[in-house]
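Just below is one structure, and these are the notes that go with it.
The values are calculated or read from the model by the stated rules, or taken from the named source; none is laboratory data. Just so you know, these numbers come straight off a predicted model, no measurement behind them. Please note: Cβ atoms are built from the backbone with ideal geometry, for glycine as well, and neighbour counts cover all protein chains shown. In case anyone asks, the SASA skips ligands and DNA or RNA and just uses the protein heavy atoms, side chains included. Shrake-Rupley method; radii C 1.70, N 1.55, O 1.52, S 1.80 Å.
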Amino acid sequence: MDTIFALASAPGKAGVSVLRVSGPKAAQSALSLAGVVPEPRVASLRKLRDQNGGVLDEALVLFFPAGASFTGEDVVEFQIHGSISVVQALLTEMRQMEGFRLAEAGEFTRRAMDNGRMDLTQVEALSDLIEAETEAQRQLALSVLSGNLSTKVESWRVGLVRAAALLEATIDFADEDVPVDVTAEVQDLLQAVSDGMNQELRGFEASERVRSGFEIAIVGPPNAGKSTLLNYLAGREAAITSEIAGTTRDVIEVRMNIGGFSVTLLDTAGIRQSTDILEKIGIERALDRARQADIRIHLVLGSEKTEFEPLEGDIVCLAKADVPAEGFGVSGKTGNGVSNLLERVKHELSNRVQNSGLISRERQKNALIDGVRALDQAIILLPDGPELYDVISEELRSSARSLEVLLGRIDVENLLDEIFLNFCVGK
């Protein structure tokens with residue numbers, strides 16, 4: 001097996017850059033460059049030298065032995081000065097070492113998975129943690145990366161295996177004079193697993209939204225101040241504002257952080273009856289995106305009715321409320337009511353994620369659905385008695401296999417290249 005190396009920190013100038021090495025010859029890289037292999041997990045300050053004895057840099061060198069490292073292999077990390085020339089000189093020196101090569105995208109993490117240091121749900125969580133932009137995304141990714149989902153899934157698998165073992169033991173001893181009735185115990189085991197799996201599925205939509213982000217559409221009639229409000233919230237001129245009705249013809253999107261949640265704000269065309277072809281197309285798009293959005297902020301002019309009927313969880317406020325007045329109003333011109341609006345949005349989003357689960361990807365959901373489907377069939381057949389225990393056992397094995405797929409232990413090879421492609425080279 002090759003020993004791989006790569007820059008694990010961001011490219012470009014920095015105070016410190018980290019070069020990571022993993023594989024059977026990792027310790028040799030420390031010996032060749034620093035003249036010594038440091039004690040495990042103890043930072044050692046050393047001069048790094050090339051093959052001719054020339055000094056490349058002065059660096060902190062750390063050694064992590066196999067079994068106690070990120071990849072499960074011998075790992076060495078060089079913490080060097082973050083100069084582009086220093087980094088390049090060290091990479092060039094390592095390319096010349098026999099048995100060493102530059103790592104591919106995500107290869108360190110893939111080796112960690114292959115060596116049993118992580119399962120696939122943790123790999124996906126690590127990718128999500130790297131991409132996290134908000135506090136809610138960070139917390140969800142870190143929870144899964146810490147093994148909370150893996151522990152839960154493993155407990156379900158153990159319950160299924162125990163239930164199958166009880167049924168199969170009954171089948172093996174079916175000819176005995178006093179067969180043991182295990183139906184009650186198996187029923188309790190299966191019901192507990194079913195409850196846990198279904199609860200996780202019910203929380204999928206909320207957790208998926210936390211990971212990918214919510215959409216909030218600003219809707220209302222023309223000249224209700226939608227674009228002005230969007231610009232105020234974005235802190236920049238993201239949308240063109242004008243007193244001319246129908247200025248906004250397409251949906252304008254701005255991504256931002258509201259209360260720790262990733263949110264895409266949508267500025268939509270003013271909703272009204274129009275004969276202008278382009279404006280009509282814009283209104284149709286606005287209505288379509290508004291219906292698909294998680295929340296709609298309705299800007300209402302005076303006592304006028306909204307063209308778009310508010311749905312549960314939507315926020316309705318008076319438009320162009322430049323100064324505080326009776327009722328809930330908001331103004332993108334003066335900022336009046338904006339803080340109140342953001343609090344209402346945050347409150348609504350918080351309510352929607354209260355029952356969120358740990359699975360947040362379509363792949364995970366589909367694996368869990370397959371497991372629940374087989375488990376439900378087993379529960380239906382259980383009251384029919386020992387004659388169907390062999391069929392029930394097969395359904396339980398099928399459910400357990402779905403959980404193995406969820407964790408990435410079987411039948412996921414075709415997904416791995418795509419998953420690891422999204423990682424940086426040093427991860």
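Brief remarks follow.
- Residue in segment 99-107 that is part of a helix (DSSP H, G or I) and under 23 Å from the mean Cα position of the chain (by Cα) present: yes
- The set of residues in segment 113-133 being part of a helix (DSSP H, G or I), of a type in the set (Asp, Glu) and under 22 Å from Leu201 (Cβ atoms) consists of Glu124, Asp128.
- Exactly one residue out of Leu120, Leu140, Leu145, Leu190 is crowded, with 19+ Cβ neighbours inside 10 Å and closer than 30 Å to Asp384 by Cα: that is Leu190.
- Hits in segment 236-260 (condition: modelled with pLDDT of 80 or more and open to solvent by 20 Å² or more (accessible area, probe 1.4 Å)): Ile252, Glu253, Arg255, Met256, Asn257, Gly259
- Just one residue in the set Leu382, Leu318, Leu388, Leu311 is touching a residue at least 24 places away in the same chain (Cβ under 8 Å) and among the aliphatic types (A, V, I, L, M); that residue is Leu382.
- Residues in segment 49-102 that are free of Cβ contacts under 8 Å to residues at least 60 places away in the same chain and of a type in the set (A, V, I, L, M, F, W, C): 14 in all.
- Taken over segment 16-42, the residue count meeting the criterion of being open to solvent by 60 Å² or more (accessible area, probe 1.4 Å) and more than 22 Å from Asn115 (Cβ to Cβ) is 5.
- Among residues of segment 345-401 being outside any helix (DSSP H, G or I) and open to solvent by 40 Å² or more (accessible area, probe 1.4 Å), the one that is nearest to Val161 (Cα to Cα) is Arg361.
- Checking Ala136 against (1) out of contact with any strand residue (DSSP E or B) (no Cβ under 6 Å at 6 or more places or on another chain); (2) among the small types (Gly, Ala, Ser); (3) assigned to a helix (DSSP H, G or I), the condition it does not meet: (1)
- Just one residue in the set Asn366, Asn340, Asn351 is in contact with a strand residue (DSSP E or B) (Cβ under 9 Å, 6 or more places away or on another chain) and at pLDDT 90 or above; that residue is Asn340.
- Of the residues contained in segment 206-228, one or more are found to be modelled with pLDDT of 80 or more, open to solvent by 40 Å² or more (accessible area, probe 1.4 Å) and closer than 20 Å to Asn336 by Cβ.
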